[in-house]
Amino acid sequence: MRADTEALLSLRDGEPLDAASLRRLAGCEDSEREVQRLRDCRAALQALPAFDPPAHAWAGVQARLAQLDTQSAPRAAAPLLRRRWPSRAAWLPVAAALGLVALLWPLLAPERIASPAMVDDPVTHAPGLAADVTVRFAALQRQSHEFDELLHALGDPPELVSAGTALTLNGIEGGIALIDDRLNQLGTDAGADAERERLWQQRLELMNALLQLRLAQAQRYAF
Amino acid sequence: MTKPSGGGKRDITPAELAGAMRGDRQAHARLYECFAPGIYTLARRMLAEPALADDVLQETFVDVIRGIGGFRGDASLDTWIRRIAINHCLMHLRSPWHVRGEALPEDLVATHGGSDVQGSAQRQLDLAGALACLPAVSRAVVWLHDVEGYTHREIAGLLGRTPSFSKSQLARAHDRLRGLISDTDGDEACEPILKRS
């Protein structure tokens, strides 16, 4: 008679068994076959294929991190800086999205939208700019403005999105709003240049993430 | 510890790790790139619900990036990150909102029984489907033990139960899997899985 599964699993895993169980298992062909089946099952579980993480997941991580960073900073005045992309009132039809994506493709080329966190960092990558804080801010703001324009050109997002996408979108937009809020609080205080620069960099990364998500949406609805 | 499936790329360099610990954003992105596929797979297999797995992936990397500065290297980086993810998975399983095994995972419904899927691919699909149909705790135990390589004592610690509980859950899970998986000679079909839809 075959032993119970718990004893067979112990045998499979090389765990100690009492003498009675060992005697019962010795020479039992059924039990040997079953232990082999359990080994095969374990190997098959280990060989199950991997899943690819969803494309928007990194954007969600970045948004959450930015939110947590900004929430931990002191809060004060009301926001003055406004986001420039339009409300969600009128989502472009599918055909228009397809047309827009085709039209904008040269602008949205891979070198402009790299991998999620690979936004150009003018502070470290633009030669000759490192010393001049004004130029660095100008570069960050220019890039931010370009992203704004691209988002504006993509139009409003679809009204029907999955809960996960909606959460990510809200997370990113909320993160940007919090950064804007913080930037307004800092005003033009020259002593806060480092903080301002960090916030602008974060803002750019979030906008890049938002742009990628919106582009993915437009493509999904178009095709 | 057994090397899990879905490990993805694991080749983060010491310099990249040092960068991540200093707060370098490019290094954080690299960390994500290296470990996200494995973590997402772990969460999908343990929770069997894509939306929950999405949450775990995000929560895990938020914790990883915020905590990487304190990583001491007592365990490997992979083990450390997986441990964070497993804790998040278990938190979801413990949540009162988690309803176990109520519905078939969407991807299983969408792909199971496709006439062009045969042989080992079909068996993998059967096994993945059967795993997803296990009760949540059994599924977590079988994955932690047989794939992640945790001992019954470690699993007991994670679940706040005894090693005997872990052993009996594992045995129960294998009995259930056996009933759900279609054998190659077709004597036990996947009907129980399909009927649940």
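We did not get these values from a lab; they are worked out from the coordinates using the rules stated. Keep in mind the model is a prediction, meaning the values are calculated, not measured. A quick note on method: Cβ atoms are made from the backbone with ideal geometry, for glycine too, and the neighbour counts reach across all protein chains shown.
Side notes on the structure shown:
- Take the Cα of B:N87, step 7 Å toward its Cβ, do the same at A:F137, and the gap between the two points is 4.1 nm.
- Linear extension gain, B:D11 paired with B:A51, 0.36 nm per residue minus alpha-carbon span: 11.6 nm
- Taking Lys and Arg as +1 and Asp and Glu as -1, the other residues whose beta-carbon sits under 10 Å from that of B:H145 total -2.
- Simple label model, 7 Å out from Cα along Cβ direction - B:T79 to A:Q71, nm: 3.2
- Peptide B:50-61, shielding by other chains (average Cβ, 10 Å cutoff): 5
- Rounded if a/c under 1.5, otherwise prolate or oblate - segment B:14-94, Cα gyration tensor axes: prolate
- Between B:Q26 and B:F71, the FRET efficiency from the beta-carbon distance, with R0 = 22 Å, is close to 0.80.
- Remark: mean inter-chain Cβ contacts per residue of B:173-180 equal 3, using a 10 Å Cβ-Cβ cutoff to other protein chain atoms.
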